[in-house]
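In what follows, a single structure is set out as structure tokens and then discussed.
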Amino acid sequence: MCARTKNPSLVTYCRADSRMPEECATWYHSRVGDSACIPSAASAVPTTTVTSRHSALVRVTHWITAVCFLALLVSGAEIVASHPRFYWGETGNDLTPTLFKLPIPASRALVPTGYGYVLPDQNGWSRYLHFQSAWVVVLTGLLYIISGLFTGHFRNSLLPLRADLSWRAFSRAIASRLRFERSSESEVWSYNLLQRLTYLIVIFVLFPLVIWTGLAMSPAFVSAVPAAVNVLGGQQSARTLHFFVSLALVLFLLVHILMVWLAGFRSRMRAMITGRVAAPMERT
């Protein structure tokens, strides 16, 4: 059973079969949707599972986006292999100077790379998979953003707390991550400062930018909205920017997986799959 104290920010959680105060834990609510369970000093509550950490819509959109991103990564690598040379401006081809080129063999024999062989050409299926996955990500992202705005998900879970908006709090959070410290119990229920800022940048900056630069390479879209590519400096500029934004997203993915592993892989995966997390006494 749960009993709410006079302080609206505190809620005491007890075992249903217990009347002993030492078998209770206190929940601290900093805002709606953010809560942390801090066990009492003499707590003897066994490991249990409690209410949902992530909503069903957040979990579904997360995994759809994850699967599509992997498909985009594989297919995008194959598309780049067909012409691993990058330019700036409107045009670029085998005969024009490059901005930079990747030191890999191409899958097209006419592309000069310095290698004496070419990779198997898989450009057909890779482009089809890339475009299909991209549109699924766009629709999934729109659903997530619209839902997040109406349900208050961004305000409650991702906007930094007022107390965290200081250089001391920010530097402390960075130092903690650089030392690879284990996450605190409160972070099971609420994102820390770096997580909030990173997710906001990924959701509202990197993903829109990678979609924009991708559309700017589409002749059909550019013919309808020429300003989308003109602002970027041309289609080859859009392709180059698309490549670098994609690298930033890959870097985010690798760091994200590492942080999940360090924080407790089983418990974090369980929270994102089932929505439930282990009680604070469990460290997995």
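The values are calculated or read from the model by the stated rules, or taken from the named source; none is laboratory data. Everything numeric here is computed off the predicted structure, so don't read it as measured data. Cβ placement follows ideal geometry from the backbone for every residue including glycine, while neighbour counts extend to all protein chains displayed. The accessibility values were calculated without ligands, DNA or RNA, using every heavy atom of the protein model including side chains. Shrake-Rupley method; radii C 1.70, N 1.55, O 1.52, S 1.80 Å.
At-a-glance table
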| quantity | calculated |
| --- | --- |
| Val225 being closer than 29 Å to Phe100 by Cα and open to solvent by less than 40 Å² (accessible area, probe 1.4 Å) | no |
| Count - residues of segment 193-207 that are of a type in the set (Phe, Trp, Tyr) and without any contact (Cβ under 8 Å) to a residue 60 or more places away in the chain | 2 |
| Search result, residues across segment 254-270 that are at pLDDT below 85 and aliphatic (A, V, I, L, M) | Met259, Leu262, Ala263 |
| Segment 72-99: number of residues that are in a helix (DSSP H, G or I) and farther than 18 Å from His256 by Cα | 9 |
| Hits in segment 65-79 (condition: open to solvent by 30 Å² or more (accessible area, probe 1.4 Å), in contact (Cβ under 8 Å) with a residue 60 or more places away in the chain and under 29 Å from Gly114 (Cα atoms)) | Leu72, Leu73 |
| Leading residue by the ranking (nearest to Leu258 (Cα to Cα)) among those in segment 170-189 that are surrounded by 14 or more Cβ atoms within 10 Å (Cβ to Cβ) and at pLDDT 70 or above | Ser176 |
| Flag if Arg127 is touching a residue at least 40 places away in the same chain (Cβ under 8 Å), open to solvent by 90 Å² or more (accessible area, probe 1.4 Å) and not hydrophobic (A, V, I, L, M, F, W, C) | yes |
| Failed condition for Glu90, given (1) under 19 Å from Ser218 (Cβ atoms); (2) open to solvent by less than 70 Å² (accessible area, probe 1.4 Å) | (2) |
| Scope segment 200-217; condition open to solvent by less than 40 Å² (accessible area, probe 1.4 Å) and not β-branched (Val, Ile, Thr); matching residues | Leu200, Leu206, Gly214, Ala216 |
| Subset of segment 136-168 [surrounded by 11 or more Cβ atoms within 10 Å (Cβ to Cβ) and modelled with pLDDT under 75] | Asp164 |
| Residues that are farther than 17 Å from Phe244 by Cα and surrounded by 15 or more Cβ atoms within 10 Å (Cβ to Cβ), drawn from segment 94-111 | Pro105, Ala106, Ser107, Arg108, Val111 |
